[in-house]
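Got a structure here, written out as structure tokens. Questions coming.
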Amino acid sequence: MDVVSAKITALVFNGLLRRDENMNLIPGLAEKWEVSDDTAYIFYLKRGIRFHDEREMTSRDVRYTFESILDPANKSPKRGGYDMIKEIRTPDDHTVIFVLKKPFAPFLENMTLGIVPEHSAKEKGADFSGHPIGTGPFIFKEWRQDEGVTLASNKGYFEVSPRIDGIVYKIIPDETIRVLELKKGNVQLLMNPLTPDILPLFEKNLEFKVVKKIGTNYSYIGLNLKDQILKNIKVRQAIAHAIDRDSICKYILKGLAKKTEGILTPYNWAYEPDLKGYDYNPELSRRLLDEAGYRVSQETGIRFRLIFKTSQNELRKRIAEVFQEQLRKVGIEMDIRTYEWGTFFSDIKSGNFQIFSLTWVGISDPDIFYYMFHSSNLSPVGGNRVNYENHEVDLLLEEGRLTVSPARRKEIYSNVQRIISDDLPYINLWHSVNIAIIRKNIEGFILYPDEDMVSLKDVYFMENS
């Protein structure tokens, strides 16, 4: 599912749980939940919730949703996230019990999945995705390819009914046209992505409000730890100290990014603030490179050469050129190679690179570290693209999955973050800052760290504005 589809789906469907504006899990369709023996999760459903076709939502719909995903015949791409489920029980219409094969602490993170109505999904089959029915605050009305999606307000929504009649989500690929449509009043709200140079135009315009909030998207420089040069920790430290992240965030990204020393944001319950910092220090960078045995050549004037891969996105190319200049100042020559997205990402997944930059999107539970850094997920199988291997980290990540105690999990992932900060398989860059540009007469919109637009249900127009 792409980002746009995910945003719209969250307006049409509800999960058993959802996230609030600080990324905490809170009740959705379930009014409460319990955990028994670390492997049984009991959800008690709110009563009187109805799908958009007026049929009541029951535990049978919840069971059907997850059993459909787990059915191999359906080939669901989401199946891997739920394969720890051993059994789903529905003792009554308002109780659902998930029995797991073994303890799996991140299980609740997956309970935000939208619940579908069994009767409609069975009746429509493959056509259901084109005519979705959920319990959400908005009702799907129309989809026009390459144009947009129209949603109507669900006046029978089980929480508080939306204060607007509906939403037209327009697909406008060209940023210039998006901006013009906003200025003309044909679009009332514009949220990510924006090129940084556009932002000042709206910050000075009294017809609009600009809302910012740090997001969960994390950008980094990945280093191939099998590379003869980059496997040296002092070289990685030197590269980190050679990158002036503050200047890039301020002058290139215009404040739409915030420097970070770790993967998790302060919103995250597992966030560890006490991590090693790698501030801009070219003098220290040069000294580390000397200590690593890579002195400046009298013939070439450089220490060594690296090949940096990136996509053809103009902003990413511009940032790569800044990296190139900053590394040149400490004696590292960096050749930039740009590729169309498919080719670039294929190279990264297969390990065909020396150094690259990418962004992890929508980070929530720290179990993501298992996918990023556990040795069982070395590329091309998993997300450990940089070939990082640390036995202590492996053991901690395995324990983190099995430990239900929040306090112990916090301790485990703090240790993981500190070790990774020392080993430096990634060079931390920044977290993206989410941004929304809204016409001044609109109230009630809340910017979520994960770009969820569920607060559209609370939006209203001020009179005489």
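Coordinate-derived values only; no laboratory data. The model shown is predicted, which means the values in this text are computed figures rather than measured ones. Ideal geometry is used to build each Cβ from the backbone, glycine not excepted, and the neighbour counts take in all protein chains shown.
Using unit Cβ charges (K, R positive; D, E negative) and no other charged atoms, how large, in debye to the nearest 20, is the dipole of the chain about its Cα centre?
Details: 63 positive and 66 negative charges, 153 e Å.
Its charge dipole is roughly 740 debye.
Quick one: if you stick a label point 7 Å off each Cα along the C-beta vector at residue 75 and residue 441, how many nm between them?
The modelled label-to-label distance comes out at 5.0 nm.
Region 91-144: which trypsin sites (Lys or Arg not before Pro) are DSSP loop and have at most 16 other beta-carbon atoms within 10 angstrom? Intermediate values should be presented prior to the final figure.
Working: sites: 101, 122, 124, 141, 144; in loops: 101.
Listed in order of number, the matching sites are 101.
Report the residues of region 383-415 in range of a label on residue 40: point 7 Å along Cα→C-beta, backbone N strictly under 19 Å from it.
The answer is 404-405.
Test of understanding: what is the full-extension gain from residue 170 to residue 415, defined as 0.36 nm times their sequence separation minus their Cα-Cα distance?
Roughly 83.8 nm would be gained on extension.
Measuring from label point to label point, each 7 Å out along Cα→Cβ, what is the residue 317 to residue 283 span in nm?
3.7 nm
What value does the chain have for Rg/Rh, both radii from Cα atoms and Rh as Kirkwood defines it? List each step's numbers first, then the result.
On the way: Rg = 24.2 Å, Rh = 24.4 Å.
Ratio of gyration radius to Kirkwood radius: 0.99.
Further question on the same structure: Which order do peptides 263-275, 234-246 fall in by mean Cβ count within 10 Å, highest first?
Working: 263-275: 17.9, 234-246: 22.5.
Sorting 263-275, 234-246 by mean packing, highest first, produces 234-246, 263-275.
Apply 1/(1 + (r/R0)^6) to the Cβ-Cβ distance of residue 405 and residue 460, taking R0 = 30 Å, and write down the FRET efficiency to the nearest 0.05. Intermediate results must be reported in sequence, preceding the final value.
Values: r = 43 Å, r/R0 = 1.42.
Computed FRET efficiency for residue 405 and residue 460: 0.10.
What is region 215-432 by shape, rounded, prolate or oblate, if you read a ≥ b ≥ c off the alpha carbon gyration tensor as root eigenvalues and call it rounded for a/c under 1.5, prolate for a/b larger than b/c, and oblate otherwise?
On the way: a/c = 1.57, a/b = 1.50, b/c = 1.04.
Prolate, since a/c reaches 1.5 and a/b exceeds b/c.
Just flag the GluC sites (Glu not before Pro) in region 407-465 sitting in loop per DSSP whose Cβ has no more than 10 other Cβ atoms within 10 Å.
Numbers: sites: 411, 443, 451, 463; in loops: 451, 463.
Listed in order of number, the matching sites are 463.
Indicate the gyration tensor shape class of region 1-116 (rounded, prolate or oblate), computed on the Cα atoms with a ≥ b ≥ c the square roots of the eigenvalues: a/c under 1.5 is rounded; otherwise a/b larger than b/c is prolate and the rest oblate. Display every interim value, and only then the final one.
On the way: a/c = 1.23, a/b = 1.11, b/c = 1.11.
Taking the square roots of the gyration eigenvalues as a ≥ b ≥ c, region 1-116 is rounded.
Determine the relative contact order of region 262-352: mean sequence separation of Cα pairs under 8 Å and six or more apart, normalised by residue count, in whole percent.
Details: 83 pairs, mean separation 22.8, N = 91.
Reported as a whole number, the value is 25 percent.
So, with +1 on the Cβ of K and R and -1 on the Cβ of D and E, and no other charges, what is the size of the charge dipole of region 93-208 about its Cα centre, to the nearest 20 debye?
Working: 13 positive and 16 negative charges, 39 e Å.
Here the size comes out at about 180 debye.
R0 = 22 Å: FRET efficiency of residue 347 with residue 376, Cβ-based, nearest 0.05? Walk me through the numbers before you get to the answer.
Details: r = 22 Å, r/R0 = 1.00.
After rounding to 0.05, the efficiency reads 0.50.
Do any trypsin sites (Lys or Arg not before Pro) in region 157-224 lie in a loop, going by DSSP, with at most 15 other beta-carbon atoms within 10 Å of their beta carbon, and if so which?
Details: sites: 163, 170, 178, 183, 184, 204, 209, 212, 213; in loops: 163, 204.
Filter output for region 157-224: 163, 204.
Quick one: compute the contact order of region 215-432, relative version, from alpha carbon pairs under 8 angstrom and 6+ residues apart, as a percent.
On the way: 380 pairs, mean separation 76.5, N = 218.
Relative contact order here is 35 percent.
Hey, rough spin-label estimate for residue 161 and residue 204, points 7 angstrom out along Cα→Cβ, what's it come to in nanometres?
Using points 7 Å along Cα→Cβ, the separation is 4.5 nm.
Would you mind checking 183/440; 250/276; 170/254; 212/259; 258/440 for any pair whose Cα atoms are more than 18 angstrom apart? All intermediate terms of the calculation are to be shown ahead of the outcome.
On the way: 183/440 12 Å; 250/276 22 Å; 170/254 26 Å; 212/259 15 Å; 258/440 26 Å.
Those over the limit are 250/276; 170/254; 258/440.
For region 36-95, what class follows from the C-alpha gyration tensor (a ≥ b ≥ c being the square roots of its eigenvalues): rounded when a/c is under 1.5, otherwise prolate if a/b is larger than b/c, else oblate? If you can, show how the numbers build up before the last one.
Numbers: a/c = 2.69, a/b = 1.25, b/c = 2.15.
It is oblate, given that a/c is not under 1.5 and a/b is not larger than b/c.
OK, next. Once the dipole of the chain is set up with Lys and Arg at +1 and Asp and Glu at -1 on Cβ about the Cα centre, which of 253, 35, 148 lies farthest towards its positive end?
The one lying farthest along the dipole's positive direction is 253.
Another one. Quickly estimate the mean residue ellipticity at 222 nm for the chain, helices only: each DSSP H run with n ≥ 4 gives -39500 (n - 2.57), and the total goes over all residues, rounded to 500. Please list the in-between numbers first.
Details: 12 runs with 125 residues, N = 465.
Calculated at 222 nm, the ellipticity per residue is -8000 deg cm²/dmol.
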